[in-house]
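Please read the structure below before turning to the comments.
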Amino acid sequence: MKKYDLEIIIGFDCNNNCIFCSNQSLRELCRKKGSFTISSEQIKNILESNNSKEVVNLFFVGGEPTILKDFFKIIRFAKKRGYFPISIQTNGRMFSSLDFCKKVCREGIDVGFSIHGNSSFLHDRLTRSPGSFVQLRNGMDNFRSLGQIFRTNTTLNKINYKRIPQIITFLSRYNPSLMLFSLVSPVGIPKENFKDILPPLNNLKPIIRKSILIAEQLNQNIKFIEVPLC
C-alpha cells in the first residue's frame, strides 16, 4: 500500500494580503470569476476519491482555511472518512476567538501558525492587514492556554530576514513543536515585485547561523527550507 500526504487547497480567499503570497495570481483569477472558494461538494469528492488508509497526513491550506463557511463541516466529514491526523496552515486571526480555539481543539486539528514578524509593525507590514499581528498573537495565547502545541511558519524575505533571531526569541515563549523558515517563492508573485522581496542571499548565511545558535540556546526546534545550499 502506497503511503502519501494529501494537501487540499480549499479556497484562495484570505483575510490577509501578504506581499509574498504564492497564490496572488490565482486569487486574481478567482476575483475575475467572482469566486474564491472551492465548493464543499468538490472537497468531499476529493476526500472520497482518495483512500484515507493510504494518506499519512491530510493538510487543508488556502488562502485562509479557517474563514471558510463550512470549515468545521469539512473537518468532520474528513474524520468520518477515516482521515487522521488533519492539519491546517493558518494566519491565526480566527484563533483570537477563544470559542473558535475550543472548537479546533475538540476536533483534534494539528495547527501551524504563519507568523512573519515579532511585532505589529513588521508582521502587519508584510500581511498588509492592520491588526493581524495582535489577532495572531492573541490566537497563539488562546491556543496555548488550552494546552495545545502548534507549529509555526515564517516566510524569509527582504523585509524580515534580519529579524529572524528576534522572531525565534519571541516564539520561544510558546515553545512550538517546530519553527519553520522558508525562503520566499517566486511562484504566483509578479516578477517585477520579486526583486523587492527576495533577501540578498549572500547575507542570509550569518543570519541563519546566528538563528541556529539562538535556537539551540533556547532549546527550540527550527528548520530552514528552500534556501539555496550554495
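Under 22 Å Cα-Cα from K80, which lysines qualify once same-chain neighbours fewer than 8 residues away are excluded?
Candidates past the 8-residue exclusion: K2, K3, K44, K53, K69, K102, K103.
Per 0.36 nm of contour for each residue apart, how much would the distance between L178 and L201 grow if the chain were fully extended, relative to their Cα-Cα spacing?
5.9 nm is the gain from fully extending L178 to L201.
Under 5 Å between amide H atoms, partner at least 5 residues away or on a different chain: which partners does L156 have, H built in plane at 1.01 Å?
S182, L183, V184
I want the local charge near E54. Using Cβ-Cβ distances under 9 Å, sum +1 for each Lys or Arg and -1 for each Asp or Glu among the other residues.
+3
Could you work out how much longer the chain between Q217 and E107 gets when fully extended? Use 0.36 nm per residue separation minus the Cα distance between them, nm to one decimal.
Result for the pair: 36.2 nm of gain on full extension.
If you roll a 1.4 angstrom probe over the protein chains with everything in place, what fraction of the accessible area of the stretch 46-100 belongs to carbon and sulfur, to the nearest %?
52 percent
Give the Rg (one decimal place) followed by the Dmax (whole number) of the chain, computed from C-alpha coordinates and expressed in Å.
Radius of gyration, then largest Cα-Cα span, for the chain: 17.8, 50 Å.
Pull out the extension gain between I225 and S185, defined as 0.36 nm times the separation in residues minus the alpha carbon to alpha carbon distance; nm, one decimal.
Difference between extended and current length: 13.3 nm.
Calculate, for the chain, the solvent-accessible area per residue in square angstrom, rolling a 1.4 angstrom probe over the heavy atoms of the protein chains.
For the chain, the solvent-accessible area averages 52 Å² per residue.
So which trypsin sites (Lys or Arg not before Pro) in the stretch 107-176 are both in a DSSP loop and have at most 14 other Cβ atoms within 10 Å of their Cβ? Let's see the in-between values first.
Details: sites: R125, R128, R137, R144, R151, K158, K162, R163, R173; in loops: R128, K158, R173.
When the trypsin sites (Lys or Arg not before Pro) of the stretch 107-176 are filtered for loop state and at most 14 Cβ neighbours within 10 Å, R128, R173 remain.
Which of the helices in the chain, when you take each full DSSP H run, stretch at least 15 Å along the axis at their Cα atoms and have an average Kyte-Doolittle score of 0.0 or higher?
Details: long enough: 132-145 (19 Å, -0.68); 201-217 (25 Å, 0.15).
Correct list, ordered by number: 201-217.
How much of the accessible area of the stretch 105-230, probe 1.4 Å, is carbon plus sulfur, in whole percent?
52 percent
Evaluate E = 1/(1 + (r/R0)^6) for K44 and S97, where r is the Cβ-Cβ distance and R0 equals 30 Å; express this FRET efficiency to the nearest 0.05.
Calculated value: 0.70.
Just to confirm a number: summing +1 for Lys and Arg and -1 for Asp and Glu over residues other than K79 whose beta-carbon lies under 13 angstrom from that of K79, what do you get? All intermediate terms of the calculation are to be shown ahead of the outcome.
Numbers: positive: K44, K73, R76, K80, R81, R106; negative: E107, D110.
Net of charged neighbours comes to +4.
Taking R0 as 30 Å, what FRET efficiency do you get between R76 and D141 from their Cβ-Cβ distance, rounded to the nearest 0.05? Please report the intermediate quantities before stating the final value.
Values: r = 26 Å, r/R0 = 0.88.
That pair, R76 with D141, gives E of 0.70.
The values are calculated or read from the model by the stated rules, or taken from the named source; none is laboratory data. What you see is a predicted model; the values in this text were computed from it and never measured. With ideal geometry, Cβ positions are generated from the backbone for all residues, glycine too; neighbour counts draw on all protein chains shown. To get the accessible areas, we keep the full protein, side chains included, count just its heavy atoms, and leave off ligands, DNA and RNA. Shrake-Rupley method; radii C 1.70, N 1.55, O 1.52, S 1.80 Å.
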